[in-house]
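Notes for the one structure printed next.
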Amino acid sequence: MPRVVVAGSFNVDHAWHCTALPRPGETLAGTYMTGPGGKGFNQAVAAAAAGAATTFVCALGKDEGGRLAHRLAAERGIDLRAQDAAAATGTAGIFVGADGGNSIVIGPGANAGLTPDFVAAQGDAIASAAVVLAQLESPVDAIVEALRLARASGVHTVLNPAPANAACDRALLAVAEILTPNETEFAALLARHCGDRVDPAALAPMDGERLHRLCRTLLPRGTVVLTLGAAGCFVSHREDSLRGDGAAHYRCPAAAARVVDTTGAGDAFNGALAASLALHPGQPFAAVVRQATRFAALSTERPGAAAAMPTAAEVESRYGPA
Ligand code: RIB
């Protein structure tokens with residue numbers, strides 16, 4: 001069975017659904033819920049729910065949050081490779097507005113303790129995977145190690161450079177075969193690595209040729225999948241490596257959704273994209289992306305993060321065959 005390895009964070013999410021996001025100095029009443037999250041774990045759950053054998057490499061505290069991660073991974077058939085950390089398991093405080101939009105603060109805790117050595121010790125899983133997927137709520141050197149080992153074994157690498165304020169350096173971009181930023185993350189990367197100042201809000205309506213040029217400047221050797229929320233996403237390939245597609249750049253519309261909570265929608269997208277790449281290696285990349293947009297859309301119809309990830313059967317029942 002083709003395997004996806006996800007390296008990244010686990011958080012215990014504490015979320016409040018409010019009529020609007022709180023402004024500075026404001027106190028609001030909201031409806032509280034808690035559950036599993038962390039971009040890494042959400043992506044691992046999404047990949048497993050999409051049908052891929054999944055390994056999750058992370059760092060956990062020896063506490064209730066850590067035990068929750070072990071229990072949920074076992075329930076979902078995820079091969080959990082957790083480094084024991086002295087710090088408490090990661091946490092996140094999330095406000096969700098009536099439109100499903102959110103604001104998030106994370107307490108990295110144990111996630112900050114993931115080491116390159118621990119990642120390297122999972123080299124067996126990484127080298128035999130079809131796809132390695134990572135994000136940036138864990139130390140950059142550990143994430144570089146995961147992607148570097150994957151590339152050394154000819155394994156596909158997908159880097160979701162989230163959150164936008166994380167340090168995504170050149171060493172990391174060099175080992176990313178497919179990069180999946182959202183608008184804010186893309187604008188931050190352009191400013192840091194290309195000296196281009198672009199308003200994130202200007203990206204969705206931007207002319208495709210111009211967007212393609214920006215993507216090529218940022219990641220000349222790889223594919224960029226720029227996620228644009230309700231506007232779907234934009235794909236930009238290197239001209240001589242189209243991954244089965246007929247064009248070097250194109251847009252993919254978002255799937256319809258009755259949005260309740262967008263928390264983890266990007267994670268659903270990334271986990272499903274990695275699973276689809278692993279399970280159907282020969283299919284055109286456009287089909288991989290279309291499937292990922294469906295998983296992302298359906299995840300927004302449910303509250304929560306990891307708990308909101310849909311299964312392949314649920315996606316097919318809602319949107320039809322892939
Ligand atoms: O992407 C959503 C996730 O971001 C949440 O689950 C939260 O834990 C933060 O990591």
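What the table below lists for this structure:
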| quantity | calculated |
| --- | --- |
| Residues of the stretch 166-191 satisfying the condition of being out of contact with any helix residue (DSSP H, G or I) (no Cβ under 7 Å at 6 or more places or on another chain) and within 15 Å of the ligand (Cβ to nearest atom) | A166, E185 |
| Complete set of residues in the stretch 274-300 that are away from the ligand (no atom under 16 Å from the Cβ), more than 19 Å from V5 (Cα to Cα) and in a loop (DSSP other than H, G, I, E, B) | G282, Q283, P284 |
| Residue identified as more than 17 Å from F41 (Cβ to Cβ) and not charged (D, E, K, R) among V144, V158, V119 | V144 |
| Within the stretch 187-204, tally of residues that are closer than 28 Å to S153 by Cα and buried (at least 18 other Cβ atoms within 10 Å of the Cβ) | 1 |
| Number of the exception - S9 against (1) in contact with a helix residue (DSSP H, G or I) (Cβ under 6 Å, 6 or more places away or on another chain); (2) part of a strand (DSSP E or B) | (2) |
| Any hit, the stretch 32-39, residues being under 21 Å from Q122 (Cα atoms) and in contact with a strand residue (DSSP E or B) (Cβ under 7 Å, 6 or more places away or on another chain) | yes |
| Sole residue being within 16 Å of the ligand (Cβ to nearest atom) and either in contact with a helix residue (DSSP H, G or I) (Cβ under 6 Å, 6 or more places away or on another chain) or closer than 22 Å to H156 by Cβ (or both), chosen from A52, A73, A47 | A47 |
| Qualifying residue in the stretch 92-100 (condition: touching a residue at least 60 places away in the same chain (Cβ under 8 Å), farther than 18 Å from T262 by Cα and among the charged types (D, E, K, R)) | no |
| Out of V132, V105, sole residue that is at pLDDT 95 or above, in contact with a helix residue (DSSP H, G or I) (Cβ under 6 Å, 6 or more places away or on another chain) and of a type in the set (A, V, I, L, M) | V132 |
| Where I78 falls short, out of the listed (1) free of Cβ contacts under 8 Å to residues at least 40 places away in the same chain; (2) more than 16 Å from the ligand (Cβ to nearest atom); (3) crowded, with 20+ Cβ neighbours inside 10 Å | (2) |
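Okay, residues lined up against (1) among the small types (G, A, S); (2) in a helix (DSSP H, G or I); (3) in contact with a strand residue (DSSP E or B) (Cβ under 8 Å, 6 or more places away or on another chain); (4) more than 16 Å from the ligand (Cβ to nearest atom):
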| position | (1), (2), (3), (4) |
| --- | --- |
| H193 | no, yes, no, yes |
| V198 | no, no, no, yes |
| C215 | no, yes, yes, yes |
| V235 | no, no, yes, yes |
| D261 | no, no, yes, no |
| A268 | yes, yes, no, no |
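The values are calculated or read from the model by the stated rules, or taken from the named source; none is laboratory data. It should be emphasised that the depicted structure is a prediction, and the values quoted were computed from it without experimental measurement. Because the Cβ atoms are built from the backbone with ideal geometry, glycine has one as well, and the counts that use them run over all protein chains shown.
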